[in-house]
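Visitor: Before I ask anything, here is the structure I am working with.
The values are calculated or read from the model by the stated rules, or taken from the named source; none is laboratory data. As the structure is a prediction and not an experimental result, all values here were calculated from the model. Cβ placement follows ideal geometry from the backbone for every residue including glycine, while neighbour counts extend to all protein chains displayed. All accessible areas refer to the heavy atoms of the entire protein, side chains included, with ligands and DNA or RNA removed. Shrake-Rupley method; radii C 1.70, N 1.55, O 1.52, S 1.80 Å.
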Amino acid sequence: MGNALCLTAVNDEAAKLGLAPGMPLADARAMYPGLQAVAADAAADAALLESLAGWCLHYTPLVGLAPPDGLVLDISGCAHLFGGEAALRQDLLRRLKGFGFRARAAIAGTVGAAHALARHGGAAVAADGDVRDALRPLPLAGLRLDPETVQGLNESGFAAIGALYNLPRAPLAARFGVALWRQLDRALGLEGEAITPRTPPPRFSVERAFAEPLVRMEDVLTVAEELAGRLTLLMAQQGAGARGLELLLFRLDGQVQRLTAGTSRPLRDPAFMRRLFADRLTVCEDEYDPGFGYDLVRLCAHAAEKLDAAQDGLCEGADETALARLTDRLTARLGEAQVLRLTGQDTHIPEAASILLPARTASLFTPTPPPAQDTLLAARPLRLFARPQPLDGTPLATAPDGVPLRFRWRRVLHEVVASEGPERIAMEWWRGAEGRTLTRDYFRVACKEGGRFWLYREGLYHQSAPRWFVHGLFA
Amino acid sequence: MFYIRSPDENTRMTPGKPPAGLPPCRLGSKAAAPRLPLGVAALDSALGGGLAARRLHEIVPDGVFHLGAAAGFALALAGRVTRRGAIVWIQQGLAALEGGAPYGPGLEPFGVAPSRLLILSAARAKDALWAMEESLRCRGVAAVIGELAEAGEAAGLTETRRLNLAAEEDGALPLLLRQKPLAGASACATRWIVRGAPGTGDGFGGIGRIAWALALEKNRDGPCGAWRMEWDHDTRNFRAPLPVAVAAPPVHRPYRAA
């Protein structure tokens, strides 16, 4: 309603007084001056819904969001684990009540029917044959139509969903659009509707529930290894190996904690999976607080690749496998951005010619041909500064753009005894149009006390005041 | 009781007594430890036949401006390891800020293909030492270079002993690069103080070869000493500097073949 502040939600007491969502705040305040109102926080609500959706993974891997306040669970094939559909619903409602939520739930063969039944009363569990009858008395708002359509239909004398069943379709479609019939067909199961899961369901997943919750992380790791054993059996049957692992820890209070680990090669080794999780835990143990304990632990393999059985130990690739495993463990503990491999790029700009990429995913170094130069020293330094280090002041040189004879870096005076250069490195011509210019004259210099540096001057004397930097150290 | 049939004779052997002619097996003793010869007689004799391949060696630059030289010496040693496998270079977070990170095209003179290098940066010294230990135990690793910021106080006597233990059983070559000398004790086998030195020139006014002034400050297997050493990037060998300048003929040296 324009810029007016409106009520977005009311509690029981307020509802009894006649306040309802959508009412302007000023009106409500006028009716009840003592009204307590807090600003709505849509982001926090969404986050809460997300975390609740995470907890619902407890019941099924396929959980979709129905914002702002709904969740859709696909429980096909999961209900029997909880003693049937009705029992699953009871269990879900009981636990949600325990967390302090007031929830309504309904089970039906289609998303539309379940939505209508859950939000507008009616049968808690509707079998596929009963959906038509179950929806008949419910208000039209249950069909997920936009408010104008519902209002128009109400004004035309249609109040319940059942009133639409035997109507000719063309006249109403002409007035209210085909969305009306599509939503009805979806609710009745005449047209299919897919649930968009929040996270893609994992390809392989095993879990174990505990009557007595786990409270120690060592126990969690032991359980993880046991689950990994079952997971590898599953994967071995299909000739697959895990590339991404996720351990879901369902805490008693409804929080779900995730422990992830990636591997550089398809993996089917329970003991090693445990080590990966253990390494991950050593660095971020504080983030995993068991609280009152975990009552369900689930291990999923999100990314899986083909892995055929191979003889271990005596074969050729044993060393490579050992190195890949080392990389995985280091990555698990230190982080993806800390375990790196050198990768070459085809450019003359020194800092871009060799870059560091995560070792798990990096391709091997494709060397650019090193510039042919008359030097016994390497043409490029062994160590390069990510950010060139500025010299203190301008070096002393015979000519303004000549070889530096004496320079000061890190407050120490260095006297040049031998030098090679200049080597001009400029921005590629096709990049100049972007407004980025770079003209550097590089010098290899050896100093009196033995240090060997890679210096450069940026800019040209006749254009601007050049600046000097140390870019690298030679061996 | 068991028997071994050799081609020329049947020898009856009793357990506990080695047959004549075989050298006595002294597992774990100094003589049995593998050595990594440096190829320069003066150095190898001081080291007792070469660098002990499974003991920790410390390399310390003589001041921050010689960090490049020290890193080059460490890489030269790592590149001489004959075992196939990766070279793991672990930098403690601040070390790269102070002295730069390993640069792919600059590895060429040491015969180390950039794809062999696994570069780690660990924020804490504790993590860097853990990563060193784990890497040393890995079969797919040839050498481990651990670079600690400042003096690396975190690697004291206990930690360096742990590194020795990790390398002892068929491990990789452990090298510890401290940016400054450590005041306390360390369990390393050798400690080298490295300075860059002017190398043999090319006769045309260039800088010349990579050269180091090495000071062996601690040596468990022999006397200490100081040497000038050059790196011959054609043959990838250490060598004593030549008295006169000699220009080497150009040689095609693809590092990919390494």
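Visitor: Multiplying the sequence separation of A:Ala37 and A:Ala303 by 0.36 nm and subtracting their Cα-Cα distance, what value in nm do you get? Numbers along the way, then the final one.
Guide: Details: separation 266, 0.36 × 266 = 95.76 nm, distance 4.68 nm.
So the chain would gain 91.1 nm between A:Ala37 and A:Ala303.
Visitor: Using a 10 Å cut-off on Cβ to Cβ distances, tally the other chain neighbours for every residue of B:59-72 and report the average as a whole number. List each step's numbers first, then the result.
Guide: Working: counts 0, 0, 2, 2, 4, 4, 12, 5, 4, 11, 7, 2, 6, 8.
Mean number of neighbouring Cβ atoms from other chains: 5.
Visitor: Return the FRET efficiency for the residue pair B:Val64, A:Lys448: r is the Cβ-Cβ distance, R0 is 22 Å, and the value is rounded to the nearest 0.05.
Guide: Values: r = 16 Å, r/R0 = 0.73.
For B:Val64 and A:Lys448, the calculated efficiency is 0.85.
Visitor: Expressed in nm², what is the orientationally averaged projection area of the convex hull enclosing the Cα positions of the stretch A:382-475? Don't skip to the answer; put the middle values down first.
Guide: Details: hull surface 26.0 nm².
Averaged projected area of the stretch A:382-475's Cα convex hull equals 6.5 nm².
Visitor: Give me the percent of the accessible area of the protein assembly as shown that comes from carbon and sulfur atoms, probe 1.4 Å, all protein chains in place. Don't skip to the answer; put the middle values down first.
Guide: On the way: 19850 of 36210 Å².
Using a 1.4 Å probe with all protein chains present, the protein assembly as shown comes out at 55 percent carbon and sulfur.
Visitor: Between A:Glu320 and B:Asp232, what is the spin-label point distance in nm, taking each point 7 Å from the Cα along the Cα→C-beta axis?
Guide: About 3.4 nm separates the two model spin labels.
Visitor: If I ignore ligands, DNA and RNA and count only protein heavy atoms, how much of A:Asp69 is accessible to a 1.4 Å probe, in Å² to the nearest 10?
Guide: For A:Asp69, the solvent-accessible surface is approximately 100 Å².
Visitor: Now for a separate question. Name the longest site-free stretch of chain A, where the excluded sites are chymotrypsin sites (Phe, Trp or Tyr not before Pro) in a DSSP loop with no more than 15 other beta-carbon atoms within 10 Å. The partial results should precede the final answer.
Guide: Details: sites that count: A:Phe101, A:Tyr165, A:Phe292, A:Tyr461.
The reported range is A:293-460.
Visitor: Still on this model: For the pair B and A, how large is the buried accessible area, both sides, in square angstrom to the nearest 100, if the probe is 1.4 Å?
Guide: Values: alone 13910 and 27220 Å², together 36210 Å².
Between B and A, the summed buried area is about 4900 Å².
Visitor: Shape verdict for the protein assembly as shown, please, from the Cα gyration tensor: rounded (a/c under 1.5), prolate (a/b greater than b/c) or oblate. Show your work: numbers first, answer last.
Guide: Values: a/c = 2.92, a/b = 1.82, b/c = 1.61.
In terms of gyration-tensor shape, prolate.
Visitor: Separate question: Once the piece of chain linking A:Arg258 and A:Gln238 is laid out straight, how much longer is it, given 0.36 nm per residue of separation minus the C-alpha distance between them?
Guide: Values: separation 20, 0.36 × 20 = 7.20 nm, distance 2.57 nm.
Extra length available between A:Arg258 and A:Gln238 comes to 4.6 nm.
Visitor: Looking at the square roots a ≥ b ≥ c of the eigenvalues of the Cα gyration tensor of the stretch A:81-121, which shape do they give, rounded for a/c under 1.5, prolate if a/b is larger than b/c, or oblate?
Guide: oblate
Visitor: If you don't mind, there's one more thing I want to ask. Count, for each residue of B:129-139, the Cβ atoms from other chains sitting within 10 Å of its Cβ, then give me the mean as a whole number. Don't jump to the answer; show the numbers that get you there.
Guide: On the way: counts 0, 5, 7, 0, 0, 5, 5, 0, 2, 9, 8.
Average neighbour count from other chains, rounded to a whole number: 4.
Visitor: For B:Ala151, enumerate residues with amide H under 5 Å from its amide H, sequence gap 5+ or separate chain, H modeled in the peptide plane.
Guide: For B:Ala151, whose amide H was placed from the backbone, the distant partners under 5 Å are B:Lys180.
Visitor: Now a separate question. Per residue of B:226-237, how many C-beta atoms from partner chains lie within 10 Å of its own C-beta, taken as a mean? Intermediate results must be reported in sequence, preceding the final value.
Guide: On the way: counts 0, 0, 0, 0, 1, 4, 1, 4, 1, 0, 0, 0.
What the average comes to for B:226-237 is 1.
Visitor: Please state, as a whole number in µm²/s, the translational diffusion coefficient that the Stokes-Einstein equation yields for the stretch A:51-191 at 25 °C and 0.890 mPa s, with Rh defined as the Kirkwood radius across alpha carbon pairs. Before the final figure, lay out each step's value.
Guide: Numbers: Rh = 16.0 Å.
The diffusion coefficient I find is 153 µm²/s.
Visitor: Using a simple charge model, +1 on the beta-carbon of Lys and Arg, -1 on the beta-carbon of Asp and Glu, nothing else, what dipole does the protein assembly as shown show about its Cα centre, in debye to the nearest 20? Write out the running numbers ahead of the final one.
Guide: Values: 82 positive and 78 negative charges, 343 e Å.
So the magnitude is around 1640 debye.
Visitor: For the protein assembly as shown, what is the accessible area per residue in Å², given a 1.4 Å probe and the full set of protein chains? Intermediate results must be reported in sequence, preceding the final value.
Guide: Working: 36210 Å² over 733 residues.
Result: 49 Å² per residue.
Visitor: Also, I was wondering about something else. Give the peptides B:37-45, B:160-168 in descending order of average Cβ contacts within 10 Å, highest first. Don't skip to the answer; put the middle values down first.
Guide: Numbers: B:37-45: 15.4, B:160-168: 19.4.
The most tightly packed comes first, giving B:160-168, B:37-45.
Visitor: What distance in nm separates the simple spin-label points at A:Ser51 and A:Ala86, each placed 7 Å from Cα in the Cβ direction?
Guide: Those two pseudo-labels are separated by 3.4 nm.
Visitor: With a Förster radius of 22 Å, plug the Cβ-Cβ distance of B:Glu168 and B:Lys218 into 1/(1 + (r/R0)^6) and report the FRET value to the nearest 0.05.
Guide: According to the calculation, E is roughly 0.70.
Visitor: In Å, what Kirkwood hydrodynamic radius results for the stretch A:104-157 from the alpha-carbon pair distances?
Guide: Working: mean 1/r = 0.0880 Å⁻¹.
Over the stretch A:104-157, the inverse of the mean reciprocal pair distance is 11.4 Å.
Visitor: With the dipole of chain A worked out from charges on the C-beta (+1 for Lys and Arg, -1 for Asp and Glu) around the Cα centre, which of A:Ala114, A:Ile195, A:Leu455 lies farthest toward the positive end?
Guide: Of the candidates, A:Leu455 comes out farthest on the positive side.
Visitor: Another one. What distance in nm separates the two pseudo spin-label positions at B:Arg124 and A:Glu148, each 7 Å out from Cα along the beta-carbon direction?
Guide: It is 6.1 nm.
Visitor: Taking a label point 7 Å from the Cα of A:Thr199 along the Cα→Cβ vector, which residues of the stretch A:263-293 have an amide N closer than 12 Å to it?
Guide: Nothing falls inside the zone, counting backbone N under 12 Å.
Visitor: Give, in nm to one decimal, the length gained when the segment between B:Ser45 and B:Arg239 is fully stretched (0.36 nm per residue of separation minus the Cα-Cα distance). Before the final figure, lay out the partial values.
Guide: Working: separation 194, 0.36 × 194 = 69.84 nm, distance 1.43 nm.
Length gained, B:Ser45 through B:Arg239: 68.4 nm.
Visitor: Counting pairs of alpha carbon atoms under 8 Å apart in space and at least six apart in sequence, what relative contact order in percent does the stretch A:91-236 give? It would help to have the intermediate numbers written out before the result.
Guide: On the way: 136 pairs, mean separation 26.9, N = 146.
Relative contact order for the stretch A:91-236 comes out at 18 percent.
Visitor: Go through B:Ala86, A:Leu17, A:Phe82 and say which Cα lies farthest out towards the positive end of the charge dipole of the protein assembly as shown; charges sit on Cβ, +1 for Lys and Arg, -1 for Asp and Glu.
Guide: Checked the options; the winner is B:Ala86.
Visitor: Classify the stretch A:240-362 as rounded, prolate or oblate from the Cα gyration tensor: take a ≥ b ≥ c as the square roots of its eigenvalues, call it rounded if a/c is under 1.5, otherwise prolate when a/b beats b/c and oblate if not.
Guide: Details: a/c = 2.56, a/b = 1.45, b/c = 1.77.
Oblate is the answer for the stretch A:240-362, as a/c is 1.5 or above yet b/c matches or exceeds a/b.
Visitor: Another question, if that's okay. Report the calculated FRET efficiency for A:Phe99 and A:Leu17 (r = Cβ-Cβ distance, R0 = 25 Å), to the nearest 0.05. Walk me through the numbers on the way to the answer.
Guide: Numbers: r = 27 Å, r/R0 = 1.09.
Here the calculated transfer efficiency is 0.35.
Visitor: Which chymotrypsin sites (Phe, Trp or Tyr not before Pro) from the stretch B:172-237 combine a DSSP loop assignment with at most 13 other Cβ atoms within 10 Å? Present the calculation step by step, with values, prior to reporting the outcome.
Guide: Working: sites: B:Trp192, B:Phe204, B:Trp212, B:Trp227, B:Trp231; in loops: B:Phe204.
In loop regions of the stretch B:172-237 (DSSP not H, G, I, E or B), the sparsely surrounded chymotrypsin sites (Phe, Trp or Tyr not before Pro) are B:Phe204.
Visitor: Okay, moving on. Span-like helices, chain A: DSSP H, alpha-carbon axial extent 27 Å or more, mean Kyte-Doolittle -1.0 or greater, which ones?
Guide: Within chain A the helices that satisfy the rule are A:217-237.
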